[in-house]
């Protein structure tokens with residue numbers, strides 16, 4: 001990584017889960033800016049810079065997207081599909097973070113080229129551990145197709 | 001006793017790097033078996049039972065593929081594209097592990113649906129930490145349809161080594 005902050009787009013409608021994830025990223029030693037949205041339509045607006053997110057300064061292109069599947073308005077799988085069919089967005093790593101381990105969801109997510117599929121552990125301690133490992137891996141080690149933004 | 005093992009395909013032509021990867025994964029708490037091949041053609045032959053695509057058997061489905069980019073005979077990106085061209089292998093994580101941090105390589109890898117792109121650290125200790133972090137993440141946490149059947153119990157998810165120190169990337173971001 002050539003320094004600067006990594007932008008994370010985080011799409012999650014459950015406030016408790018969002019709180020846990022946000023806290024974990026705020027504590028992280030790698031500089032990051034997390035943009036939290038609570039429904040699939042807002043996520044699409046952000047990614048495609050529509051409506052409330054027409055100004056690119058308000059919608060910096062994310063380095064990685066953390067995506068819940070069951071979302072209000074537009075389903076997470078639809079968001080993933082839209083990312084993969086946009087030339088400017090297709091390379092963004094998308095990590096699905098969901099409570100569903102239904103085979104159909106897992107299969108569809110990989111069919112649309114999710115980079116990783118994670119099932120939220122019910123146990124609080126495990127959830128925290130998952131977030132540590134996730135942050136460690138995707139912020140600390142993984143390389144992205146474009147550099148971080150000035151922070 | 002049949003303890004299920006993670007099958008890992010390692011495609012790497014540098015013998016020193018291959019040795020390091022094997023050693024780092026050896027003591028993974030979840031147990032694994034590494035199949036090491038040193039060129040792209042051998043990797044395709046292994047996955048698709050040789051004679052490129054003419055074999056009707058289902059391809060070999062490892063739990064994870066660690067793929068170098070600069071490989072003899074068939075380039076790593078071409079191996080990646082062949083893997084991603086097979087629906088049966090959709091959910092097999094392919095992790096690029098290379099010395100190249102060239103933007104063009106990173107972009108092409110993601111465009112061809114690599115799951116993750118990692119650059120080998122020069123430092124031996126950091127190399128070991130990277131391999132352990134990737135082992136914990138992909139073998140411990142990442143989910144696929146076959147997890148319940150083919151992988152060690154989901155109850156072991158999240159088991160990791162205790163002594164990891166943060167990657168140098170932490171320091172680089174200041």
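The values are calculated or read from the model by the stated rules, or taken from the named source; none is laboratory data. Just so we're clear, the structure is a prediction, and the values are computed from it rather than from any experiment. Here Cβ is always computed from backbone atoms with ideal geometry, including for glycine, and neighbour counts include all displayed protein chains.
Applying the condition of being within 14 Å of chain A (Cβ to nearest Cβ), more than 15 Å from the chain's Cα centre (by Cα) and part of a loop (DSSP other than H, G, I, E, B) to the stretch B:65-94 and asking which residue is farthest from residue B:49 (Cα to Cα) yields B:85. Apart from one condition, residue A:132 fits all of (1) under 18 Å from residue A:12 (Cβ atoms); (2) assigned to a loop (DSSP other than H, G, I, E, B); (3) out of contact with any helix residue (DSSP H, G or I) (no Cβ under 6 Å at 6 or more places or on another chain); the exception is (2). Taking each residue of the stretch A:75-98 that is free of Cβ contacts under 8 Å to residues at least 12 places away in the same chain and looking for partners that are assigned to a helix (DSSP H, G or I) and crowded, with 23+ Cβ neighbours inside 10 Å with beta-carbon atoms closer than 8 Å, six or more apart or interchain, yields A:90/A:83. For residue B:83, the conditions (1) surrounded by fewer than 20 Cβ atoms within 10 Å (Cβ to Cβ); (2) modelled with pLDDT of 95 or more are fulfilled apart from (1). Residues in the stretch B:95-104 that are crowded, with 16+ Cβ neighbours inside 10 Å and facing chain A (nearest Cβ under 9 Å): B:96 only.
If you go through the stretch B:8-44 and keep only what is buried (at least 16 other Cβ atoms within 10 Å of the Cβ), in contact with a strand residue (DSSP E or B) (Cβ under 6 Å, 6 or more places away or on another chain) and under 22 Å from residue B:81 (Cβ atoms), you end up with B:8, B:9, B:10, B:11, B:36, B:37, B:43. Checked against (1) surrounded by fewer than 22 Cβ atoms within 10 Å (Cβ to Cβ); (2) part of a loop (DSSP other than H, G, I, E, B), residue B:118 meets all criteria but (2). Output the residues belonging to the stretch A:107-129 that are in a loop (DSSP other than H, G, I, E, B), within 9 Å of another protein chain (Cβ to nearest Cβ) and either surrounded by fewer than 16 Cβ atoms within 10 Å (Cβ to Cβ) or in contact with a helix residue (DSSP H, G or I) (Cβ under 7 Å, 6 or more places away or on another chain) (or both). A:113, A:114, A:121 - these are the residues of the stretch A:107-129 that are in a loop (DSSP other than H, G, I, E, B), within 9 Å of another protein chain (Cβ to nearest Cβ) and either surrounded by fewer than 16 Cβ atoms within 10 Å (Cβ to Cβ) or in contact with a helix residue (DSSP H, G or I) (Cβ under 7 Å, 6 or more places away or on another chain) (or both). Here the stretch B:127-144 is the region considered, the condition is being within 18 Å of residue A:96 (Cβ to Cβ) and at the interface with another protein chain (Cβ under 9 Å from one of its Cβ atoms), and the residue that is surrounded by the most Cβ atoms within 10 Å (Cβ to Cβ) is B:137.
Only one residue in B:94, B:74, B:65, B:60 is touching a helix residue (DSSP H, G or I) at 6+ places or on another chain (Cβ under 8 Å), under 14 Å from residue B:11 (Cβ atoms) and modelled with pLDDT under 95, so which one is that? Unique residue meeting the criteria: B:60.
Among the residues of the stretch A:30-37, is there at least one that is modelled with pLDDT of 95 or more and within 14 Å of chain B (Cβ to nearest Cβ)? Scanning the stretch A:30-37 turns up no residue that is modelled with pLDDT of 95 or more and within 14 Å of chain B (Cβ to nearest Cβ).
On inspection, residue A:12 fails the criterion of being surrounded by 15 or more Cβ atoms within 10 Å (Cβ to Cβ), more than 19 Å from residue A:121 (Cα to Cα) and in contact (Cβ under 8 Å) with a residue 24 or more places away in the chain. Residue B:69 meets all of the listed conditions (1) crowded, with 21+ Cβ neighbours inside 10 Å; (2) touching a residue at least 40 places away in the same chain (Cβ under 8 Å); (3) within 26 Å of residue B:143 (Cβ to Cβ) but one, namely (3).
Only one of the numbered conditions (1) touching a strand residue (DSSP E or B) at 6+ places or on another chain (Cβ under 6 Å); (2) surrounded by fewer than 21 Cβ atoms within 10 Å (Cβ to Cβ); (3) more than 10 Å from chain B (Cβ to nearest Cβ) is not met by residue A:73, and that is (1). Being at pLDDT below 95 and within 12 Å of chain B (Cβ to nearest Cβ) is a description that applies to residue A:102.
The set of residues from the stretch B:109-126 being under 24 Å from residue A:107 (Cα atoms) and facing another protein chain (nearest Cβ under 9 Å) comprises B:109, B:110, B:111, B:113, B:114, B:115, B:116, B:117. Residues that are in a loop (DSSP other than H, G, I, E, B) and either at pLDDT 95 or above or within 13 Å of the chain's Cα centre (by Cα) (or both) do occur in the stretch A:76-86, at least one of them.
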